[in-house]
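The numbers here are math on the coordinates, done by the rules we state, and not lab data. Just so it is clear, the model here is predicted, and its values are computed rather than measured. With ideal geometry, Cβ positions are generated from the backbone for all residues, glycine too; neighbour counts draw on all protein chains shown.
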Amino acid sequence: MVARLGVAALVALLLGGLLVPAYGLAELDGARERRGALEERVLDASEDLEVLEERVHDAKEELATLDEQDAALRAELSSVNAALAQRARAAFMRGDGGALEAILAGDGPGEAAERAVLLESLALRDRGTMEAANALRIGLEQNRQLREGRLAELEGLETELDSRLEQLNADLEEAKGDERFFELKARRQREIQTAFASGIYSCPVGDPVFFRNTWGDPRSGGRSHKGVDMMAPHGTPVYAIHAGRITRMSSGGLGGISLYMYGADGNQYFYTHLQGYAGGVGVGSYVDAGDLVAYNGSTGNADASAPHVHFEVQPGGGRPVNPYPWAAAACGR
């Protein structure tokens, strides 16, 4: 049987939330509405469960009473059957000549009359005993049917109780996971209104992350740095900086595993040196700011001892510009 949660435990499971920015997300609002509806369901279900528990208790008490009645009826029937068997043995021993034989066997008219009255009385008693035995058998059968019916009802109540609790547990866990996911996503998001960006943005790399403005720094082969290197341990989550669509995923060359995203703000965002992509993310996928898209790594020409995401901002999909202001604002630096 599924472990039964108390009402307080169910409500506590629902109420463990986080404070999030006021602007929030449509998904978070939806998750909170669902959670509120579940709270009502939990309270309603808790009342129903109390009624079910009372019915189960009453059914068990009734079964105990029926068991006692059943035992008494069986004992009485056993006694009646024993009496009938004794009467049958007595009739066999004396023969079954009937009342006329008893009258004829008498020594006189008076004694014969007494014998006739006695035999008539015994016949009436036998009939009453047999009728009582039949009534007891009928009572036992009715008792058996009632007992089976109550047992079936009890099993149905237990099944209903278990099913409801199992579904509640599943719904609550799902609601808790959804709300937690959207709350954490909302925490990653920041509302930015600056000369270079306007809207909701998320830090491209999860904590712990370190980066500084290295735009234009010299690189091997006479190149200059066209992005910002966001240093973090291998496997650190990498997020969509803004709402948009994944336009390209590639691997190989200096960058290794790479991802391009065209944002709703008209900028193309480029992530490279990734360890791998998040499940469910592919070319054409639409993402929101703060959605998981990949994991930090050191593929391409990155040093394995210094895993990082090389992050670029390319307005309109053209030449890159210094991405540090975007990353700093999105990450709260």
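From least to most packed, judged by other beta carbons within 10 angstrom and beginning with the fewest, Tyr260, Tyr269 follow the order Tyr260, Tyr269.
What is segment 198-330's relative contact order, in percent, from Cα pairs under 8 angstrom and six or more apart in sequence? Working shown, then result.
On the way: 358 pairs, mean separation 39.5, N = 133.
Once normalised by length, the contact order is 30 percent.
Please label the shape of segment 208-322 as rounded, prolate or oblate, based on the square roots a ≥ b ≥ c of the eigenvalues of the alpha-carbon gyration tensor (a/c under 1.5 means rounded; beyond that, a/b larger than b/c means prolate, else oblate). Walk me through the numbers before you get to the answer.
On the way: a/c = 1.63, a/b = 1.21, b/c = 1.34.
Verdict is oblate for segment 208-322.
Using a 10 Å cut-off around each Cβ, can you sort Glu312, Glu39 from fewest to most neighbouring Cβ atoms?
On the way: Glu312 21, Glu39 16.
The fewest-first ordering by Cβ neighbours comes to Glu39, Glu312.
Look at Met230, Met93, Met249 and count the other Cβ atoms within 10 Å of each Cβ; fewest to most, that gives Met93, Met249, Met230.
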